[in-house]
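First the structure, in the form of structure tokens, and then the observations on it.
The values are calculated or read from the model by the stated rules, or taken from the named source; none is laboratory data. What you see is a predicted model, and the numbers here were worked out from it, not measured in a lab. Note that each Cβ is placed from the backbone with ideal geometry, even for glycine, and that neighbours are counted across all protein chains shown.
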Amino acid sequence: GAVVSQHPSWVICKSGTSVKIECRSLDFQATTMFWYRQFPKQSLMLMATSNEGSKATYEQGVEKDKFLINHASLTLSTLTVTSAHPEDSSFYICSASRDRATWGGNGYTFGSGTRLTVV
Amino acid sequence: GEDVEQSLFLSVREGDSSVINCTYTDSSSTYLYWYKQEPGAGLQLLTYIFSNMDMKQDQRLTVLLNKKDKHLSLRIADTQTGDSAIYFCADQNQFYFGTGTSLTVIP
């Protein structure tokens, strides 16, 4: 089956530093990956759509200079939280689909998430 | 964007059935999905239903779809403590998730 690995699972960083989160599709190629943010006891909010070989598409209200997304290969997308502040503390989740389109019952495979705490 | 809404909390006794409800606004969705999220983990696809179906059964899970009312439900039969989690419904594009329903199973 489709497996998406997200790393690290959790990270604590000091305010002002940058943190990189990796999302890898282990057994399939993903032309598109998605990054979500989840606040405690809340739903997932789509932050951006990451397209291999091109610029990411950000949702309204998401600062592209703050949340840098790179999708350099068909199996890896990275999210870098730059100059992190305590308000960036959250649970970040990526997802990927083996299919270019969203048709079918495959759905998307989600990474296990990254808990970011900025102190 | 689409609005996908769910009730926030549900508490049931072990062995009873659980019914989690979801309403959505985008009538063009061809597939609707149910995901399960355990504490501190990512999302696990549980099941899905194609929009031309009214019902789909998958072991202990039954999905009902009322397309006219744009209402989706997930029934879990013989609920177990391991079913305690947050359940999200999502539309075909899976860009928009429901608010999530936190299911607590009481032993």
When every residue in the range A:1-17 that is within 12 Å of chain B (Cβ to nearest Cβ) and assigned to a loop (DSSP other than H, G, I, E, B) is compared, the one farthest from A:T117 (Cα to Cα) is A:G1
I want to confirm something. Restricting to the range A:18-64 and keeping residues that are in a loop (DSSP other than H, G, I, E, B) and within 16 Å of A:S5 (Cα to Cα), which single residue is modelled with the lowest pLDDT? A:T31
Restricting to the range A:92-102, and then to whatever is modelled with pLDDT under 85 and more than 7 Å from chain B (Cβ to nearest Cβ), can you tell me which residue is surrounded by the fewest Cβ atoms within 10 Å (Cβ to Cβ)? A:A101
Within the range B:59-107, strands (runs of 3 or more DSSP E) holding 2 or more residues that are away from chain A (no Cβ under 14 Å), touching a residue at least 24 places away in the same chain (Cβ under 8 Å) and of a type in the set (A, V, I, L, M): B:71-76, B:101-106
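For every residue, the table says whether it meets (1) closer than 19 Å to A:K41 by Cα; (2) of a type outside the set (A, V, I, L, M); (3) touching a Leu at 6+ places or on another chain (Cβ under 8 Å); (4) buried (at least 20 other Cβ atoms within 10 Å of the Cβ).
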residue: B:D3; (1), (2), (3), (4): yes, yes, no, no
residue: B:E14; (1), (2), (3), (4): no, yes, no, no
residue: B:S18; (1), (2), (3), (4): no, yes, yes, yes
residue: B:C22; (1), (2), (3), (4): yes, yes, yes, yes
residue: B:S29; (1), (2), (3), (4): no, yes, no, yes
residue: B:Y33; (1), (2), (3), (4): no, yes, yes, yes
residue: B:A41; (1), (2), (3), (4): yes, no, no, no
